[in-house]
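Quick notes on the structure that follows.
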Amino acid sequence: YSNYRGILNWCVVMLVSLQNIYGILVDPIQIISLFLKDPYSWPALCLIIVSNGFIMAALYIERKLSVGSISEGTGSFLHGINLSALLFVPAGTVLSLTSITPVGGVLALSVFTILFLKLYSYRDVNKWCREIRHAKARTLSRSHSCPSVHKANGTTGYTHVSYPANLTHRDIYYFIFVPTLCYELNFARSPRIRKRFLLRRLLEMVFLMQLMLGLIQQWMVPTIQNSMKPFQDMDFTRIIERLLKLAVPNHFIWLIFFYWYFHSSMNFVAELMLFGDREFYRDWWNSETIPYFWSNWNIPVHKWCLRHFYKPMLVKGVNKFAAQLAVFFLSAFFHEYLVSVPLKMFRLWAFLGMMAQIPLAYFVGRFLRGNYGNAAVWMSLIIGQPIAVLMYVHDYYVLHYGSAAEGVAA
């Protein structure tokens, strides 16, 4: 589908109706304060700029490996240190700095997590290239570096690169900025930038970002604040009522975020970078099983897991079920990493929520079919996320505000 005008009209109608219910509660200053405590101090941005050092380290390690200056074992050790530092250095920085806000921490850690996945893929593909070069002693075509991705239209105007000619600053930074996690020596490319398409995506990004921020302040924040006292009093009837009340705005915002990120933003960046592979999601909304949803709603992550984690485990003799459990465990770790570290508290709600998908997937796949299975998937999205949101918000209020949280809730 290419016409989403009805969805945008729906967003406008919902925003107007919410203003009638809650009044104008959008505060631009409060939004800015979510990212910055001090307008003259930008710790999250500085942390993101520092990430260039890790990118350069990966490139120069690969250059040394390509000419045989260091052994494969030494290269793997250096890559391991670099990749580990990509996760631990920003986490330690966020935990130790008081000037960084939770939202700024999430933004910085998200960038470092994406870089971790990208540089892991960069290491793997270049290693495969060296193995093929040593085994067959001939130049590599695109099919050797990525046999699972076919050539797309518009690639004919670009010179194909073979290993090790790909080990350049231009090549690695192109990979860093394009919306994919899987490295290729030769990406599918678009023939030109479509200016109208680019402008539409830009307008969608700006409008939907404003809409999400408005909905959060207009709808979610009042609901969450009104939920604090029932949690403190352990009033389960009111907790369930608040949970159901939060489920609707949370789900609306999640759907808008999905469209904003996976359709508008990724297509905008891809169009700007002349990136040809535009499969960022499939029809996850038709999911009748939990595994189908997780393998179709975020295609870049799914492809990375399949290519660099799941299939290598199968090659090493790990059975399919254990490999699938490992994929869920990895996903659960990163979900918790991106929530607990910025909030500076460790409650494992996100981790447990992801791991709970395993028995839920078994139940839905075994007992529910067709529309019933699809309804179960939707219910897990609508109810599951608000539970985690309320748990984290409650714990954050108790930890940071103590008795003041009760006064705010009242």
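The values are calculated or read from the model by the stated rules, or taken from the named source; none is laboratory data. Note that the structure is a prediction, hence the values are computed from the model and not measured. Note that we place each Cβ from the backbone using ideal geometry, even for glycine, and neighbour counts take in every protein chain shown. Side chains included, ligands, DNA and RNA excluded: accessible areas come from the protein's heavy atoms. Shrake-Rupley method; radii C 1.70, N 1.55, O 1.52, S 1.80 Å.
Is one or more of the residues making up the stretch 349-372 in contact with an Asp or Glu (Cβ under 6 Å, 6 or more places away or on another chain), over 30 Å from VAL125 (Cα atoms) and polar (S, T, N, Q)?
The answer is no; no qualifying residue exists.
Please verify whether the stretch 283-301 includes one or more residues that are under 18 Å from PHE177 (Cβ atoms), surrounded by 15 or more Cβ atoms within 10 Å (Cβ to Cβ) and not β-branched (Val, Ile, Thr).
Checked the stretch 283-301: at least one residue is under 18 Å from PHE177 (Cβ atoms), surrounded by 15 or more Cβ atoms within 10 Å (Cβ to Cβ) and not β-branched (Val, Ile, Thr).
Kindly evaluate PHE187 against the criterion of being open to solvent by 20 Å² or more (accessible area, probe 1.4 Å) and over 30 Å from VAL248 (Cα atoms). Write out each step before concluding.
Details: open to solvent by 20 Å² or more (accessible area, probe 1.4 Å): yes; over 30 Å from VAL248 (Cα atoms): yes.
Yes: the conditions hold for PHE187.
If I go through the stretch 181-210 residue by residue, how many of them are within 30 Å of GLY276 (Cβ to Cβ) and in a helix (DSSP H, G or I)?
Number satisfying all stated conditions: 15.
Report the residue count in the stretch 77-106 for those that are open to solvent by less than 50 Å² (accessible area, probe 1.4 Å) and either under 13 Å from TYR120 (Cα atoms) or not in a helix (DSSP H, G or I) (or both).
10
Considering only the stretch 234-299, give the helices (runs of 4 or more DSSP H) lying wholly within it that have at least 3 residues that are within 22 Å of MET379 (Cα to Cα) and free of Cβ contacts under 8 Å to residues at least 12 places away in the same chain.
Result: 236-258.
Answer with yes or no whether PHE333 is surrounded by fewer than 19 Cβ atoms within 10 Å (Cβ to Cβ), at negative phi and either assigned to a helix (DSSP H, G or I) or modelled with pLDDT of 90 or more (or both). Talk me through it step by step, then tell me what you get.
Details: surrounded by fewer than 19 Cβ atoms within 10 Å (Cβ to Cβ): yes; at negative phi: yes; either assigned to a helix (DSSP H, G or I) or modelled with pLDDT of 90 or more (or both): yes.
So PHE333 fits the description; yes.
Keeping to the stretch 338-371, report how many residues are open to solvent by 50 Å² or more (accessible area, probe 1.4 Å) and more than 13 Å from ILE290 (Cβ to Cβ).
8
When you scan the stretch 291-305, do you find a residue that is at negative phi and out of contact with any helix residue (DSSP H, G or I) (no Cβ under 9 Å at 6 or more places or on another chain), even just one?
yes
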